[in-house]
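The values are calculated or read from the model by the stated rules, or taken from the named source; none is laboratory data. The shown structure was predicted, so the numbers you read here are calculated from the model rather than taken from an experiment. Counting neighbours? That spans all protein chains shown, and the Cβs are built from the backbone with ideal geometry, glycine included. What goes into the accessible areas is simple: the full protein's heavy atoms, side chains included, and nothing from ligands, DNA or RNA. Shrake-Rupley method; radii C 1.70, N 1.55, O 1.52, S 1.80 Å.
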There are 2 protein chains.
Amino acid sequence: MRVRVALPSGRADRVEPKARLTVDRIVDAAMELMKREGYDNVSMRSLARELDTGPASLYAHVANKDELDQYVIDRISGMLEIPDPDPDRWQEQLKELMRGMLQLFREHPGSARAAMGMIPTMEGGLRAAEGMMAIAIAGGVTPQAAAWFCDLSAAYVGAIAYEESIWTARENSTAAGEQPDHAAIDEQLRTFVEGMGDRFPVLVRFATELTAGGGDDRFEFGLDVLISGLAAVSKRYS
Amino acid sequence: MRVRVALPSGRADRVEPKARLTVDRIVDAAMELMKREGYDNVSMRSLARELDTGPASLYAHVANKDELDQYVIDRISGMLEIPDPDPDRWQEQLKELMRGMLQLFREHPGSARAAMGMIPTMEGGLRAAEGMMAIAIAGGVTPQAAAWFCDLSAAYVGAIAYEESIWTARENSTAAGEQPDHAAIDEQLRTFVEGMGDRFPVLVRFATELTAGGGDDRFEFGLDVLISGLAAVSKRYS
DNA sequence: CCTCGCGAACGAACAGTGTTCGTGTCAAGT
DNA sequence: ACTTGACACGAACACTGTTCGTTCGCGAGG
């Protein structure tokens, strides 16, 4: 009987080969890290550590951090639920879209900053824009007003989400993704304004209103203003 | 006759002593550098070089970069021209305030980002808020709506300015402070969308509207929407 | 089978960031 | 004279995005 001696191959002592890098794997890792630590803390190095590689390897798949940002934001935008247009409810539907987008930013802490100034060029973002245009136009908004409203609403939601993320980071007191404690912020402001004496009489007089309401109240006010305004001025743009 | 020999004092061979650092001098230097290179390129190190000192010296006067940001934004806000309230023109006056703020951001490239999420706590910013509240209330807006509109308008103008600065930095083709070439940006988008085939029929159909107009057209549309919306919904908030 | 070319992987290094720590100097007060 | 507090600031820390140069693996072609 012959015994076959198995000689180790050149790789016999290596651990299982690492999975090959792909953009999807990089984005997956970014999403995971963002949920844990916020997108501000996602660097090429932290990503590389998460993927058990070196930061330079990432550049074989994404041109730079900006391009990675685009993939990440597109992934998030792709999660937006987009209703079928209902002409009788177009205003509420636009509000729902904007609430949905804000919620996604909240669930992905720190991502709003990466979204600022970004024009959708990938499927997820285009889908969202397509949905908004379809709803507005089904509701009788002129195409020009609808088109520009896409910009406006994205700027507004992005700005609110970004501001929230700034507050969250500053306070360091709420878990990533939670709404900032607007009451505490405004209490600081109230105290400050009430110490102003005669310098700012209107601010002092209305300190209560200035500091009333939380982030959601203010966001909903903004939605009311934006949607009512769109309905009021649409016909001027055609 | 006695000749008096002037012995050099301990400092005779030193150049003129450096002017003592102050917050104002630091902010002056930041403003100067911002005009030349954009605020994104103003670092503690570049500031220290401009002031002929070391970066650590700055921390004797400002707690950190964030605090410096507050001083800088307050300086800029303080330049805003604030009209006396005229109840018959309150809507146009609010628009003027917002245009004025956008113009200041444009003249101070890169500053919008520092302004995001910032609550006014210094004279300049409080003055602007005081002016806006006074105009809105003189025009019959309820105090609650006026108060929340201060947030909304600051978020909107800040977001637009920030987006513009992002475009400017990306294009690298316009001088600091100039409006980004929106037409070129949108031409890219038009080309892209027209290659979409059947995926996004509404976007394809209205590609012309989506890409029409420059930054000012879009900003003015936003002002129309916001101000008309405020007028329409104000009474709901009281 | 062998060789070559290409793309992926990735360490080392670059140039930069905000900030802290430790030390020296100066001015004012005792 | 001595002490104390504030300012000034170099050295260093821990980190950032990115490039350059080298190696490796794979597939195609001879």
Item checked: Label spacing, shortest first and in nm, from A:D28 to its equivalents in the remaining copies (7 angstrom along Cα→Cβ) -> 5.8
Check: Can you work out ³J(HN,Hα) from phi for every residue in segment A:127-141, in order, using Karplus 6.51 cos²θ - 1.76 cosθ + 1.60 and θ = phi - 60°, giving whole Hz and x for Gly and Pro?
Finding: 4, 5, 4, 4, x, 5, 4, 4, 5, 4, 5, 4, x, x, 6
Check: Shape of segment A:23-74 from its Cα gyration tensor (a ≥ b ≥ c, root eigenvalues): rounded if a/c is under 1.5, otherwise prolate when a/b > b/c, or oblate?
Finding: oblate
Note to self: For peptide B:215-227, what's the mean number of Cβ atoms from other chains within 10 Å of each residue's Cβ?
What the structure shows: 6
Check: Would you list B:V204, B:V157 from the most to the least accessible area, probe 1.4 Å?
Finding: B:V204, B:V157
Note to self: Just to be sure I understand the model, the point goes 7 Å from the Cα along the line to the Cβ. What's the resulting B:A63 to B:M196 distance in nm?
What the structure shows: 4.6
Notebook entry, point to check: Relative to the other copies, what are the label-point distances for B:A63, with labels 7 Å from Cα along the C-beta vector, expressed in nm at one decimal and sorted shortest first?
Noted result: 4.0
Next item on the list: Provide the per-residue ³J(HN,Hα) series for segment A:73-89, in order, calculated from phi with Karplus coefficients 6.51, -1.76, 1.60 and θ = phi - 60°, each as a whole number of Hz, with x at glycine and proline positions.
Entry: 5, 5, 4, 5, 4, x, 8, 5, 7, 10, x, 6, x, 10, x, 7, 10
Next item on the list: Normalising by the residue count of segment A:23-74, find the relative contact order in percent from Cα pairs under 8 Å and 6+ residues apart.
Entry: 36
Item checked: Computed accessible area, A:V72, all protein chains, 1.4 angstrom probe, square angstrom -> 0
Note to self: Within 12 Å, Cβ to Cβ, of A:M133, how many net charges do the neighbouring residues add up to if Lys/Arg are +1 and Asp/Glu are -1?
What the structure shows: -1
Check: Can you give the average number of partner chain beta-carbon atoms within 10 Å of each beta-carbon in peptide B:134-143, as a whole number?
Finding: 2
Notebook entry, point to check: Using a 1.4 Å probe, how large is the accessible area of A:D84, given in Å² and rounded to the nearest 10?
Noted result: 130
Margin query: Taking beta carbons within 10 Å but only from partner chains, what does the mean come to for residues B:152-164?
Written below: 6
Checklist line | Derived scalar couplings ³J(HN,Hα) [segment B:98-103; Karplus, 6.51 cos²θ - 1.76 cosθ + 1.60; whole Hz; x for Gly, Pro] | finding: 5, 5, x, 5, 4, 4
Margin query: I'd like the GluC sites (Glu not before Pro) in segment B:80-158 restricted to DSSP loop residues with at most 11 other Cβ atoms within 10 Å, sorted by number.
Written below: B:E81
Check: Pairs A:K95/B:K95; A:K65/B:K65; A:K35/B:K35; A:K65/A:K95: which are spaced more than 26 Å apart, C-alpha to C-alpha?
Finding: A:K35/B:K35; A:K65/A:K95
Notebook entry, point to check: Ranked by accessible surface with a 1.4 Å probe, highest first, in what order do A:E32, A:E163 come?
Noted result: A:E32, A:E163
Next item on the list: Would you kindly work out, in nm and rounded to one decimal, the distances from the label point of B:R199 to those of the same position in each other copy, ordered shortest first, with label points 7 Å along Cα-to-Cβ?
Entry: 5.4
Check: What number comes out for the charge environment of A:V202, summing +1 per Lys or Arg and -1 per Asp or Glu over other residues with Cβ under 13 Å away?
Finding: -1
Check: Taking the alpha-carbon centroid of each part, what is the distance from segment A:99-149 to segment B:30-49 in angstrom?
Finding: 34
